[in-house]
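> Structure in structure tokens, see below.
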Amino acid sequence: MSNLRIETARPKPEEPLATEGVDRAFIGGIVGDFYTRVRKDEGLGPIFARHIAGDWEPHLQKMTDFWCSVILKSGEYQGRPVPAHLKLKEVRESDFAVWLGLFRQTVQDRCSPEVAGVFIDRAERIARSLQLAMFFTLDAAGKEPADHDRK
Ligand code: HEM
């Protein structure tokens, strides 16, 4: 019998990052630093203040779970980011560039270039899929006008 495996078109799952020192405590430090910067930002700060009133600790713990799941594949984050962002009606597409800029600065300040690169790649990919969910419309993608719109 042949032991050839049939490759499917499914992309390979990402490997967990196995770098000494990159553990939950380290990721928690990144998350805390990042949201300190976000809260000071004049565009993003007020958005977060409206949705996270009072105690930030539960959000920081949730975001640490999220980043541990993304980077270490530890699986503790069970939430659904898309519906959480769809309800943020005041967010504009341009806010994502600011978010990513602050995220990039935070990980570059706290990680080696290799580790920072992994965080940034994954943040950019997730940001793209959130932006698609929040802002993509066929009109914006250059849809042909409907028949009744034609002259
Ligand atoms: C303009 C950009 C963004 C804004 C303004 C924003 C804002 C927010 C706010 C206000 C919440 C809290 C929602 C709530 O608890 O009611 C939230 C949750 C969250 N955000 Fe973002 N976000 C942005 C981009 C991103 C990106 C790029 C990522 C991932 C790379 C991300 C990951 C998450 C996750 C995982 C949650 C928790 C969702 C849950 O409840 O399970 N966000 N975000």
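> Based on the mean of other Cβ atoms within 10 Å per residue, sort peptides 25-33, 11-19 so the most packed one is first.
So the peptides 25-33, 11-19, ranked by packing, come out 25-33, 11-19.
> Which value in deg cm²/dmol, rounded to the nearest 500, describes the helix-derived mean residue ellipticity at 222 nm for the chain, given -39,500 (n - 2.57) per DSSP H run of n ≥ 4 and division by the residue count?
Computed ellipticity for the chain at 222 nm equals -19000 deg cm²/dmol.
> According to the Kirkwood expression over distinct Cα-Cα pairs, how big is the hydrodynamic radius of the chain, in Å? Could the numbers behind the result be given before it?
Details: mean 1/r = 0.0559 Å⁻¹.
Radius from the Kirkwood sum: 17.9 Å.
Bear in mind that the values in this text are calculations on the coordinates, not laboratory data. Not measured: the values here are computed from a predicted model. In this analysis, Cβ positions are derived from the backbone assuming ideal geometry, glycine residues included, and neighbour counts consider all displayed protein chains.
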